[in-house]
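Structure first, then comments.
The values are calculated or read from the model by the stated rules, or taken from the named source; none is laboratory data. Being a predicted model, the structure only gives us computed values, none of them experimental. Ideal geometry is used to build each Cβ from the backbone, glycine not excepted, and the neighbour counts take in all protein chains shown. Ligands, DNA and RNA are excluded from the accessible area calculation, which covers all protein heavy atoms including side chains. Shrake-Rupley method; radii C 1.70, N 1.55, O 1.52, S 1.80 Å.
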Amino acid sequence: MGAEDDDEPPSKRVKVSSGQLVDISDGTFVRDPASCSLGDSMARPLTLQGDDEVVGTKGVVKKVEFVRIITEALDSLGYKKTRALLEEESGIPLHTSVINLFMQQILDGKWDESLNTLRKIGLVDEKIVKLASFVILEQKFFELLHKEKVMDALKTLRGEISPLCINNDRVHQLSFFIISPSQQVLPGISDQGIVRVKSRRKLLEELQRLLPPTVMVPEKRLVHLVEQALDLQLDACRFHNSVVGEMSLLTDHHCGIDHIPSLTVQILREHKKEVWFLEFSHNGKYLASSSADFSVIVWEVKLDGSVCMKHKFLGHKTSVSYISWSPDDHQLLTCGEEDTVIRWDVESGKCIHIYEKKNVGFISCGWAPDGKRIFCGVTDKSITMWDLEGKELECWKGHRTIRMSDLGITSDGKHVVSVCKENMIVLFGWESKVERVIQEDQAITSFVLSMDSKYVLVSLSNQEIHLWNIEGTVKLVAKYKGHKRSRFVVRSCFGGLHQAFIASGSEDSQVYIWHRGSGELVGTLAGHSGTVNCVSWNPRNPHMLASASDDSTIRIWGYNRVNTKQHDTDNGVNCCNGRS
């Protein structure tokens with residue numbers, strides 16, 4: 001679609017211009033993992049010769065700590081003999097003899113002895129001693145109830161737990177188990193109406209989280225550190241687009257550009273004019289596209305990755321500018337340019353219902369998450385909600401949308417998102433009537449919600465794309481630059497593994513891809529011969545991207561050739577014209 005003089009309005013499809021203790025749900029306490037200073041102030045650490053010795057080139061890894069977490073890892077993996085040999089050879093025990101005694105007493109259920117030993121560990125802060133005592137005595141209480149020793153349990157509650165003056169609400173809950181005969185106390189996991197005693201091993205893990213790490217090395221600490229290192233490598237990898245299971249500990253992680261879709265593997269040529277919009281279904285099995293030729297095509301993604309036409313819908317009297325998949329992907333809404341909205345059955349290809357309103361047309365459409373209602377943007381700048389049979393349920397007027405606009409519904413169904421002014425997006429709580437806004441300095445050309453509805457990706461007239469976090473306080477978190485846009489609507493999308501990438505069309509006939517977190521431009525895909533109007537990333541296949549262009553084609557991009565039976569060929573690229 002060619003441009004005219006810069007001062008002429010664009011076509012219809014174009015936009016005009018300190019360590020804390022945390023009370024957890026079961027009434028026990030754990031140490032806040034964000035705090036590092038708590039242990040240092042509350043316990044006398046294990047003191048050994050060579051405490052100051054370090055390993056590694058950075059000079060920051062203390063040898064004693066390093067050996068201790070290796071010892072703990074061996075123990076957690078079940079290599080008890082190897083653990084003992086390491087302790088003997090290094091002279092560095094995992095725990096002091098007092099801690100070993102304490103742990104064994106917990107496992108043996110020697111509650112009174114464990115409380116006495118707890119006092120000998122060397123905890124400086126009395127509050128930590130009380131919290132640990134509370135956790136131990138609660139276990140004692142439930143085990144007594146399980147053995148039907150109700151009076152002993154009552155004695156423990158009154159004489160040992162209550163005097164600690166810790167978590168009075170939890171103490172009241174415990175007293176309920178004494179007076180309520182309907183409650184059962186059984187070993188295992190808690191269920192409704194049944195309180196199940198946790199295992200002593202679980203109790204020990206809870207105490208490990210509570211006590212300072214200098215006293216008891218946290219369980220699986222080495223595994224946790226390795227996982228942190230892998231996460232940092234993933235964050236630093238600009239091309240990561242594969243499942244974590246493919247990572248190796250033997251080498252540093254690094255992906256190449258071949259991990260993102262960068263090769264044209266198929267060209268779809270069924271549309272006769274410019275292709276304006278396309279979107280993959282939620283399950284990734286279908287791709288829907290719409291065009292200036294008044295048609296909508298549903299393409300099926302085969303198991304081998306090839307894409308072929310399933311249905312061609314011919315029901316609109318104008319160019320089709322908007323598409324929305326139902327939550328279950330069984331139905332499709334299509335919106336003609338300032339025309340009707342039509343609901344189609346994807347399997348049969350039949351028109352189910354036509355939505356229209358006297359004297360106005362529709363410009364956008366979307367589904368409620370329950371699939372029982374639809375929302376439509378209207379040319380009179382209102383937004384309407386309909387039931388599936390065409391009954392108008394509500395209409396929100398007062399500049400809810402502009403004449404050319406996208407429409408989004410959050411995954412919880414509570415907010416409708418629309419462009420209410422040239423440079424403003426409104427997040428309208430249609431039940432709460434509460435509004436929040438995204439204010440831009442430039443004209444908004446399109447937007448899209450992330451899969452989790454926590455972010456909005458906004459394309460602007462100044463050739464920038466902005467990422468906004470709308471969870472809680474609305475804030476701008478990233479900007480993406482490089483693509484070309486001067487006259488037409490070019491749409492962007494989230495995509496890739498965990499939606500880690502941003503893709504956009506462009507007026508220079510290319511597809512642009514950025515790393516979402518860093519904002520770095522990681523790829524430009526050439527192949528189209530006209531403006532790329534819209535892009536869509538397959539939500540179930542991070543290696544499949546589709547682009548729609550003014551050259552009347554749709555390109556399927558992958559990281560390798562699709563091994564399929566070819567319909568036609570164009571310089572070795574698999575093509576599909578919709579005919580079998």
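For the range 49-114, the carbon plus sulfur part of the accessible surface works out to 54%, probe radius 1.4 Å. Measuring between their Cα centroids, the range 202-222 and the range 83-162 lie 13 Å from each other. Write down the accessible area per residue of the range 443-567 in Å², having rolled a 1.4 Å probe over the full set of protein chains. Accessible surface, normalised per residue, equals 36 Å². Evaluate E = 1/(1 + (r/R0)^6) for L85 and T57, where r is the Cβ-Cβ distance and R0 equals 41 Å; express this FRET efficiency to the nearest 0.05. The formula returns an efficiency of 0.90 here.
The mean sequence separation of alpha-carbon pairs under 8 Å and at least six residues apart, normalised by the residue count of the range 221-296, gives a relative contact order of 20 percent. Calculate what fraction, in whole %, of the accessible area of the range 200-299 sits on carbon and sulfur atoms when a 1.4 Å probe is rolled over the protein chains. Its accessible area is 55 percent carbon and sulfur atoms. For W299, the amide hydrogen comes within under 5 Å of the amide hydrogens of L287, A288, S289, K310, counting only partners 5 or more places away or on other chains and with H modelled in the peptide plane.
Here's the list of lysines a cross-link from K475 could span, going by alpha-carbon distance under 20 Å and ignoring same-chain residues fewer than 8 apart: K414, K421, K454. Coupling constants for the range 340-353 follow from the phi torsions by the Karplus curve (6.51 cos²θ - 1.76 cosθ + 1.60, θ = phi - 60°), and in residue order they are 8, 10, 10, 9, 10, 8, 5, 5, 8, x, 8, 6, 8, 7 Hz; glycine and proline get x. With a 1.4 Å probe rolled over the protein heavy atoms of all chains, the accessible area of H224, H240 falls in the order H224, H240, largest first.
Between A526 and K147, the contour length at 0.36 nm per residue exceeds the alpha carbon distance by 129.1 nm. Run through the range 212-281 and list the GluC sites (Glu not before Pro) located in a DSSP loop whose Cβ has at most 16 other Cβ atoms within 10 Å. Here the GluC sites (Glu not before Pro) that fit, given the DSSP loop and packing criteria, are E219.
If R0 is taken as 25 Å, the Cβ-Cβ distance between E126 and R201 corresponds to a FRET efficiency of 0.40. Entry comment: accessible area of the range 64-129 is 55 Å² per residue, from protein heavy atoms only and a probe of 1.4 Å. Net length available on complete extension from V360 to F176 is 59.9 nm, with 0.36 nm assigned per residue and the Cα-Cα distance removed.
For the set V301, V275, V54, the ranking by accessible area, highest first and with no ligand, DNA or RNA atoms included, is V54, V301, V275 under a 1.4 Å probe. Of the listed pairs K80/K140; K272/K397; K149/K202; K317/K479; K312/K391, which have alpha-carbon separations greater than 31 Å here? Flagged as over cut-off: K272/K397; K317/K479. Whole-Hz Karplus values for the range 416-430 come out as 9, 10, 8, 7, 9, 9, 3, 10, 9, 10, 10, 9, 9, x, 5 Hz, taken residue by residue from phi with 6.51 cos²θ - 1.76 cosθ + 1.60 and θ = phi - 60°; glycine and proline positions read x.
The alpha carbon centroids of the range 438-452 and the range 289-359 are separated by 24 Å.
Take K130: with every protein chain present and a 1.4 Å probe, its accessible area is about 70 Å².
What a 1.4 Å probe finds exposed on the range 391-531 is 46% carbon and sulfur by accessible area, rounded to a whole percent.
With a 1.4 Å probe rolled over the protein heavy atoms of all chains, the accessible area of M247, M451, M309, M385 falls in the order M451, M309, M247, M385, largest first.
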